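What follows is a single structure, written as C-alpha cells, with notes after it.
The values are calculated or read from the model by the stated rules, or taken from the named source; none is laboratory data. Keep in mind that this is a model prediction, so the values were computed, not measured. We place every Cβ from the backbone using ideal geometry, glycine too, and count neighbours over all the protein chains shown.
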Amino acid sequence: MSNGPGPERPLARADWRQMVVIGAIASALGIAAGLLINWFPVAASREAKPIDTLWDVLIICSVPVFVLVVTVVLFSVWKFRMRPGEELMDGPPIHGNTRLEIIWTAIPAIMLVALCTYAFLVLRDIEKADAGQPVQVRVVGQQFAWTFYYRVDGKEIAAPQLYVPINRQVEFTLQSKDVLHDFWVPSFRIKKDAVPGIDVKYRVTPNRLGTYAIVCAELCGLGHSTMRGFAHVLSQADYDAQLKKLAAGPAKAPPAAGAPDGKALFTSSGCNGCHTLADAGATGTVGPDLDKVLKGQTPDFIKTSIVDPNKEIAPGFSGGIMPGNFGQTLSGAEIDALVKYLSDVTKGG
Ligand code: CUA
C-alpha cells in the first residue's frame, strides 16, 4: 500500500450533533459538580461573599471551555481512530479554516477580558479602606511559625496566635525573617505572600465569631506543612481583654492560676504536632522523638533546645525546622514549666 492520501472521512452532520449533545451534557454535569463541591471552609469575613461569587462565576465560565476541548479530543480519537488495513495510510490533507480560527480566538479573548475586568472590580472593591483607623497587626513569618504583634499603649507585644475584633477592618502587615511564606486564613479568603525585606499589606473585616485555621500557603521548607496557627475572631470586649492579658504578660497572671502547666503547654504550643512524647500522647515524626533524645539530658540542654533549636541538631534531622520564636512567644515562667515537665517525663524512660 502506498503512502497516498486515504479515504476521506469528513465530519457528518450526525457526528456534529452527537458531539454537541455530549459536550452540552458533560458541561452541565461539570458545572453542577463544580457548584455542589464545598471548596471553602465557613466564611468569616466581609470579603468572603464576593470572592465566593467570583469563584462560582469562574467555574460556570471555565468548565464548558475545558469540557469542549476534552470532548473534541476524545470524540476525534474515537471517530477517526485507525481501522484495520489503514496502518500505512496518511490522513486526508488538512487545510486551514479561517472562520473557525477567528471564532476560537475571539471567543476566549472576549471571555478573558470580561472575566479579568470582573475580577479586577471585585478585588478593587473589597480592598477599599474603611473610614477610620483599621486595627493594625504585624504578622511575621519564619521557618516554621507565625508570630503576631499588636500595639498596646504604644508598646508592641507578641503572641503565637492571631486575635482580631469582629466587624472592624484589620490591616495586616506581612513580614518574613527568612524565606517566602504566605499568610492565609482560608475562612477570610484573602492570602498574600510574606516577602523578606518588604512590608506586604492587606485588609480584612472579620464578621463571624469563632476560631479559624491559619495556613502557610507557600512551600517554604521541610516544616512547611506544620506552619499553621489559629485566628480568633472576638467581640470587641473580649478582644480588649485579650490584648490587656497579653500586655500584662503571663508572668503577672493572678497567682490563683498557679504555675504554668508544662504538659498543657506542650500541646497548646504545638510541640505535639512534630514530636513524639509518650506522656503527652504525642506521636509526631517531623522532629526528634523526645522520649529518646531528651533522656538523661540536663534542664539547661532542654531549655536551649527550645529557645535556640538550631544550636544542636539531633542526628538524622536537619536544622532550621523547629520554629526559633518560642523565646518570644512563651514567657520565662512558661519555658521553665515546659523544661521541668520535659525533664521529669524523660528522666527514667
Ligand atoms: Cu511558611 Cu510554608
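Residues in the stretch 76-101 that are under 26 Å from Ala28 (Cβ atoms) and free of Cβ contacts under 8 Å to residues at least 60 places away in the same chain: how many?
So the answer is 4.
Out of all the residues in the stretch 315-341, which are touching a residue at least 60 places away in the same chain (Cβ under 8 Å) and either in contact with a strand residue (DSSP E or B) (Cβ under 8 Å, 6 or more places away or on another chain) or within 19 Å of Thr226 (Cβ to Cβ) (or both)?
Of everything in the stretch 315-341, those that are touching a residue at least 60 places away in the same chain (Cβ under 8 Å) and either in contact with a strand residue (DSSP E or B) (Cβ under 8 Å, 6 or more places away or on another chain) or within 19 Å of Thr226 (Cβ to Cβ) (or both) turn out to be Ser318, Gly320, Ile321, Met322, Pro323, Gly324, Asn325, Gln328, Thr329, Leu330, Leu338.
Would you please name the residue that is farthest from Leu246 (Cα to Cα), looking only at residues in the stretch 292-349 that are among the acidic types (Asp, Glu) and assigned to a helix (DSSP H, G or I)? It would help to see each step written out before you state the result.
The initial filter retains those residues of the stretch 292-349 that are among the acidic types (Asp, Glu), namely 300, 308, 312, 334, 336, 344.
Narrowing further to those that are assigned to a helix (DSSP H, G or I): 300, 334, 336, 344.
Numbers: Asp300: 27, Glu334: 14, Asp336: 19, Asp344: 29 Å.
Among those that are among the acidic types (Asp, Glu) and assigned to a helix (DSSP H, G or I), it is Asp344.
Starting from the stretch 114-136, take each residue that is closer than 12 Å to Glu47 by Cα and list its partners that are of a type in the set (Asp, Glu) and surrounded by 12 or more Cβ atoms within 10 Å (Cβ to Cβ), counting only C-beta distances under 6 angstrom and pairs at least six apart or across chains.
Qualifying pairs under 6 Å: Ile126/Glu47.
Just one of Leu222, Leu174, Leu243 is buried (at least 19 other Cβ atoms within 10 Å of the Cβ) and modelled with pLDDT under 95; which is it?
Going through Leu222, Leu174, Leu243 in turn, the sole match is Leu243.
State all residues of the stretch 124-164 that are assigned to a loop (DSSP other than H, G, I, E, B) and more than 22 Å from Ser225 (Cβ to Cβ); if no residue qualifies, say none.
Correct list: Glu127, Lys128, Ala129, Asp130, Ala131, Gly132, Gln133, Pro134, Asp153, Gly154.
Check whether at least one residue in the stretch 264-274 is small (Gly, Ala, Ser), in contact with an Asp or Glu (Cβ under 8 Å, 6 or more places away or on another chain) and over 20 Å from Trp146 (Cβ atoms), and report yes or no.
The answer is no; no qualifying residue exists.
What is the number of the single condition among (1) part of a strand (DSSP E or B); (2) touching a residue at least 24 places away in the same chain (Cβ under 8 Å); (3) out of contact with any Asp or Glu (no Cβ under 9 Å at 6 or more places or on another chain) that Asn167 does not meet?
Only one criterion in (1) part of a strand (DSSP E or B); (2) touching a residue at least 24 places away in the same chain (Cβ under 8 Å); (3) out of contact with any Asp or Glu (no Cβ under 9 Å at 6 or more places or on another chain) is unmet by Asn167, namely (1).
Under 21 Å from the mean Cα position of the chain (by Cα), surrounded by fewer than 19 Cβ atoms within 10 Å (Cβ to Cβ) and aromatic (Phe, Trp, Tyr): which single residue out of Tyr118, Tyr149 fits that description?
The conditions single out Tyr149.
Among Val139, Val113, which is at pLDDT 95 or above and surrounded by 12 or more Cβ atoms within 10 Å (Cβ to Cβ)?
Val139
Determine, yes or no, whether Ser27 is in contact with a Pro (Cβ under 8 Å, 6 or more places away or on another chain), more than 30 Å from Asp130 (Cα to Cα) and among the hydroxyl-bearing types (Ser, Thr, Tyr).
yes
For Phe230, work out the one condition from (1) more than 14 Å from the ligand (Cβ to nearest atom); (2) surrounded by fewer than 21 Cβ atoms within 10 Å (Cβ to Cβ); (3) farther than 25 Å from Met322 by Cβ; (4) not aliphatic (A, V, I, L, M) it doesn't fulfil.
Against the list (1) more than 14 Å from the ligand (Cβ to nearest atom); (2) surrounded by fewer than 21 Cβ atoms within 10 Å (Cβ to Cβ); (3) farther than 25 Å from Met322 by Cβ; (4) not aliphatic (A, V, I, L, M), Phe230 comes up short only on (3).
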